[in-house]
């Protein structure tokens with residue numbers, strides 16, 4: 001019996017536990033040669049069809065690939081023979097004087113043989129141990145994945161498909177695993193895809209949909225935190241997908257963490273209905289970043305306190321004419337806000353220069369105040385009336401000038417008729 005152990009296992013303290021391999025069991029061994037990664041064993045066996053006493057025995061030549069643990073070649077020779085090597089070539093000398101040389105097939109030929117026998121695992125080992133095998137690995141994994149998928153072994157198949165990333169089109173694998181019962185395997189593949197640079201926003205959206213259907217909130221949260229810092233993913237589109245999937249709870253926390261304030265506010269208010277939380281969130285931000293003029297907070301009292309806080313904190317960086325939009329349909333709150341703003345800043349001047357509100361609307365709002373005096377708006381009214389007067393005079397001059405030009409045109413037309 002010929003025994004040998006895997007060397008890397010025998011170097012450890014418990015090396016005696018290393019796996020023992022046996023060659024040519026139950027046959028008499030004549031020779032054992034080492035040739036590259038192969039072991040060549042010559043055994044003596046009884047002839048299958050003995051013709052005379054001298055031919056009672058025959059020789060069996062077997063070539064083992066130690067690393068791949070497979071038989072690369074095997075043949076019987078009618079008579080006893082001897083083996084020897086010449087410049088890494090295996091030679092067989094038969095009893096009748098015949099000299100034969102065994103030539104190793106190239107890698108492609110070996111792989112074709114293994115593919116026909118569906119020995120894809122052996123093909124992977126062979127490619128990894130071969131000098132030029134790296135260029136074949138991805139295609140081997142693709143064939144192995146198809147083979148396992150055809151047998152219904154979806155878990156191991158997706159493990160093979162993961163190794164094809166960069167060679168095999170992702171849509172090919174995705175279509176195979178879109179069935180509801182295979183979404184977990186699809187997640188495994190898409191996660192591996194996102195560990196490379198081969199993914200697109202389309203793949204990200206599919207993975208998020210899978211997480212949502214499988215209710216994998218922890219995995220989704222971890223994945224979102226990962227892609228948020230890679231600089232490649234369009235997070236605006238990601239948040240739109242998350243809102244459509246009804247997972248605004250986790251998405252809003254991520255938006256806050258990423259300082260994507262507009263998305264955070266939209267989800268707090270429109271999706272979750274947490275208006276008070278939105279007000280508190282805005283209050284914690286710097287006044288110059290508190291863009292709430294187009295935000296319906298649906299809590300007037302808290303909003304009023306927030307606006308007053310913003311003006312108190314930074315009157316120069318806050319434009320009250322924009323904040324006034326928040327109460328545009330609430331005369332009572334508009335009046336209260338204007339009264340407060342008039343005490344802090346030149347609100348009417350900003351309204352006048354920005355033209356955000358018509359003066360009559362401003363006067364209508366201010367007329368409802370019980371504390372505001374005429375003196376507070378006197379200059380504003382006078383300036384507006386003067387501006388209106390100047391505009392009327394300018395318009396009248398324009399009308400007169402227009403009529404004069406029309407008369408000249410009429411005269412020119414009449415003169416053309418009588419020529």
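Values quoted throughout were computed directly from the atomic coordinates according to the rules given, and no laboratory measurement underlies them. All values reported here derive from a predicted model rather than from experimental measurement. A quick note on method: Cβ atoms are made from the backbone with ideal geometry, for glycine too, and the neighbour counts reach across all protein chains shown.
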Put in order of increasing Cβ neighbours within 10 Å, starting from the fewest, 160, 191 give 191, 160
Final fewest-first order of 226, 218 on the 10 Å Cβ neighbour count is 218, 226
Please work out the C-alpha center-to-center distance from region 75-141 to region 206-228 and express it in whole Å. 48
How far is it, in nm, from the label point at residue 82 to the one at residue 391 when both lie 7 Å from their Cα along the line to the Cβ? 11.9
Pair residue 197, residue 240: separation of 7 Å Cα→Cβ label points (nm): 2.6
Give the order of 98, 277 when sorted by the count of other beta carbons within 10 angstrom, beginning with the fewest. 98, 277
